[in-house]
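These notes concern the structure reproduced below.
The values are calculated or read from the model by the stated rules, or taken from the named source; none is laboratory data. All values reported here derive from a predicted model rather than from experimental measurement. Heads up, the Cβs are rebuilt from the backbone with ideal geometry, glycines too, and the neighbour counts pull from every protein chain shown.
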Amino acid sequence: MALQRTQAFLLLLLLTLLGLGLVQPSYGQDRMYQRFLRQHVDPDETGGNDSYCNLMMQRRKMTSHQCKRFNTFIHEDLWNIRSICSTTNIQCKNGRMNCHEGNFLGKKFWGGGYF
């Protein structure tokens, strides 16, 4: 009887640890995605000058320790932004291979900004 309880406990412990191992990576990805949205997505085209950018960075708590030298806000619908991520990675201006290219609403989106 004690052996069955021990085995059941070990099985439950193993399943719990396995479940945590599967949940943790997706939780980290979700946090990165939420951070990206907070720092770079503003679907309302209400600004575009330095004052707008500075105000948005303050409101989104991106300036708590020091000001960010440069930031890009994407004024586009979230679904259009997500569709860019399904395209092939291309080389960014900084040499990394984590940029994407696509067109929507007549604007070219490349490497974190419109060009």
(request) Return the pairs, sorted by first residue and then second, in which the second residue is of a type in the set (A, V, I, L, M, F, W, C) and assigned to a loop (DSSP other than H, G, I, E, B), the first residue lies in region 58-84 and is farther than 11 Å from residue 42 by Cβ, the beta carbons are less than 8 Å apart, and the residues are 6+ apart or on different chains. (result) 68/62; 80/105
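With the structure loaded, tell me whether residue 57 is farther than 23 Å from residue 102 by Cβ, touching a Lys or Arg at 6+ places or on another chain (Cβ under 9 Å) and part of a helix (DSSP H, G or I) or whether it fails that test. Walk me through it before giving the result.
Details: farther than 23 Å from residue 102 by Cβ: yes; touching a Lys or Arg at 6+ places or on another chain (Cβ under 9 Å): yes; part of a helix (DSSP H, G or I): yes.
For residue 57, the condition - farther than 23 Å from residue 102 by Cβ, touching a Lys or Arg at 6+ places or on another chain (Cβ under 9 Å) and part of a helix (DSSP H, G or I) - is met.
Between 102, 19, which is in contact with a helix residue (DSSP H, G or I) (Cβ under 6 Å, 6 or more places away or on another chain), modelled with pLDDT under 80 and either assigned to a loop (DSSP other than H, G, I, E, B) or surrounded by 10 or more Cβ atoms within 10 Å (Cβ to Cβ) (or both)? Even if it seems obvious, please write down each step before you answer.
Values: 19 fails: in contact with a helix residue (DSSP H, G or I) (Cβ under 6 Å, 6 or more places away or on another chain).
Exactly one residue qualifies, and that residue is 102.
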